[in-house]
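Working notes for the structure below.
The values are calculated or read from the model by the stated rules, or taken from the named source; none is laboratory data. The structure presented is a predicted model; accordingly, all values stated were derived computationally and were not measured. A quick note on method: Cβ atoms are made from the backbone with ideal geometry, for glycine too, and the neighbour counts reach across all protein chains shown.
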Amino acid sequence: MKRVALLGATGSIGRQAIEIIEAHPRLELCAAASSSTSLDDVDAPLKQVGGDLIELLERAQPDVVLNAVVGFAGIHATLWTLERGIDLALANKESLVAAGDLALAAQARGGGRILPVDSEHSALYQCLQGSAREQVASLVLTGSGGPFRGRTRDELGSVTPDEALAHPTWRMGRKITIDSATLANKGLELIEAHFLFAVPYEQIEVVIQPTSIVHSLVRFRDGAALAHLGYPDMRVPISYALTFPERAATPVPPLDLTSLTLQFEAPDVETFPMLRLAREAGETGGTAPCVFNAANEVAVSAFLENRLAFLGIAEVVEAALTWSEATPARDLDDLLEADRNARVLADERLAVA
Ligand SMILES: NC(=O)c1ccc[n+]([C@@H]2O[C@H](COP(=O)([O-])OP(=O)(O)OC[C@H]3O[C@@H](n4cnc5c(N)ncnc54)[C@H](OP(=O)(O)O)[C@@H]3O)[C@@H](O)[C@H]2O)c1
């Protein structure tokens, strides 16, 4: 039996993970956590609503931690898991973005694996199986472009949270859905890919594929490109991460190839500056990705509460990045401080927005 601790059990990923675990005879849910939503309908020996995730993990002693918490709040669990050499099925991209170097150092000490749950990174992980790093020319992250693909900045001035929450291809939690509309999500994924696969930023491309059938590609030095295709259904990458290398069956139907037309286009980074800001923060390194993430979390909350316009999200993040000085992230305290300061700066920018 593989004992799974599921953090964020009431969320979009969490619910789908429970379905995968319940359907698999050798996966056992040993612990489940949420922030405030009841876990009464979840069948697990250890359950915790709110409180310290590390205490729960210490008691659960899992074989794999599925970190499906949203936001920077997932950072302690990511580092705890990697430090102990326990496999980490990672949906909580924000923790790897904020703490990339520390997480990789913890993983090197612990010796466990990071099994990506993000569909793009799961795709890349699969396309990279069996290949040496020097054979890889570049990674190509795909994105749907979100609900506002093709719009101009003028047309985005007055869009509402409800419009931004209407994602064309994926059903997800609110925060990641807004991130998809601003392209911040693709920016977070760019930084996540850099850390997961040890590929420099200049070798990571982003391309829009509006129907989310192509989940990402790897270009190799011989001119070949391997792509991962499938319907947009998170149960596939969740199952892959939890059952690797078994690749267990899922209820997802086979692709109907004759019904597909695949289009690709370049992302519009002028209209959606969050992708550019993420790339710059990633290239700056140190605490900059942590600042990008923290300011984005503040701005997205403000947008969802109708305290900030859609285009204001990037303005708040850009201000926080400009006003804060990127410093090396030597330990968790450095990151906690960078996160705290970035939230203060974002709030100050919000006050004049
Ligand atoms: N949804 C997707 O399809 C998808 C795809 C790729 C990657 N991801 C990533 O997966 C993560 C989760 O996304 P989601 O869409 O599933 O989010 P979501 O639906 O908003 O769910 C978030 C989950 O995290 C829990 N949570 C938040 N803060 C917590 C804390 N401090 N302690 C314990 N639990 C906490 C929430 O509990 P409550 O219910 O009590 O608030 C909820 O169970 C995000 O990092 C996202 O970027 C999601």
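Descriptive notes on the structure:
- Among the residues of region 316-337, those that are of a type outside the set (Asp, Glu), under 22 Å from the mean Cα position of the chain (by Cα) and not in a loop (DSSP other than H, G, I, E, B) comprise 316, 317, 320, 321, 332, 335, 336.
- When region 78-91 is limited to residues that are buried (at least 23 other Cβ atoms within 10 Å of the Cβ) and either of a type in the set (Val, Ile, Thr) or within 16 Å of residue 336 (Cβ to Cβ) (or both), the one that is farthest from the ligand (Cβ to nearest atom) turns out to be 81.
- Residue 183 vs. criteria buried (at least 16 other Cβ atoms within 10 Å of the Cβ) and modelled with pLDDT of 95 or more: yes
Yes or no, residue by residue, for (1) more than 13 Å from the chain's Cα centre (by Cα); (2) under 24 Å from residue 189 (Cα atoms); (3) within 11 Å of the ligand (Cβ to nearest atom):
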site	(1), (2), (3)
49	yes, no, yes
56	yes, no, yes
70	no, yes, yes
76	yes, yes, yes
102	yes, yes, no
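- Test: residue in region 140-150 that is among the basic types (Lys, Arg) and farther than 21 Å from residue 282 by Cβ: yes
- Just one of the listed residues (252, 317, 291) is more than 20 Å from residue 194 (Cα to Cα) and buried (at least 21 other Cβ atoms within 10 Å of the Cβ), namely 317.
- Looking only at region 13-41, and only at residues there that are more than 24 Å from residue 82 (Cβ to Cβ) and within 9 Å of the ligand (Cβ to nearest atom), the one that is surrounded by the fewest Cβ atoms within 10 Å (Cβ to Cβ): 36
- Pairs are defined by a Cβ separation below 7 Å, a sequence spacing of at least 6 or placement on different chains, a first member in region 1-29 that is at positive phi, and a second member that is assigned to a loop (DSSP other than H, G, I, E, B) and within 16 Å of the ligand (Cβ to nearest atom); the pairs so defined are 8/68; 8/69; 8/70.
- Subset of region 6-28 that is of a type in the set (A, V, I, L, M) and more than 22 Å from the chain's Cα centre (by Cα) - its residue that is farthest from residue 232 (Cα to Cα): 27
- Criterion: within 25 Å of residue 72 (Cα to Cα) and not polar (S, T, N, Q) - qualifying residue of 221, 149, 171: 171
- Listing of strands (runs of 3 or more DSSP E) fully contained in region 155-260 that carry 2 or more residues being within 14 Å of the ligand (Cβ to nearest atom): 214-220
- Candidates in region 1-12 are the residues that are among the hydrophobic types (A, V, I, L, M, F, W, C) and closer than 14 Å to residue 90 by Cα; of these, the one that is farthest from the ligand (Cβ to nearest atom) is 4.
- Test: residue in region 98-107 that is small (Gly, Ala, Ser), more than 24 Å from residue 342 (Cα to Cα) and not in a helix (DSSP H, G or I): no
- Only one of 112, 145 that is part of a loop (DSSP other than H, G, I, E, B), at negative phi and touching an Asp or Glu at 6+ places or on another chain (Cβ under 8 Å): 112
- All positions within region 45-78 that are part of a strand (DSSP E or B) and not hydrophobic (A, V, I, L, M, F, W, C): 47, 48, 67
- Residue within region 279-294 that is charged (D, E, K, R) and at positive phi present: no
- Counting residues in region 158-165 that are among the β-branched types (Val, Ile, Thr) and at pLDDT 95 or above gives one or more.
- Close pairs from region 56-81: first over 14 Å from residue 35 (Cβ atoms), partner assigned to a helix (DSSP H, G or I) and of a type in the set (Ser, Thr, Tyr), Cβ under 6 Å, at least 6 apart: 65/81; 75/95; 78/95
- Members of region 42-54 found to be under 10 Å from residue 9 (Cβ atoms) and either polar (S, T, N, Q) or surrounded by fewer than 17 Cβ atoms within 10 Å (Cβ to Cβ) (or both), listed by number: 48, 49
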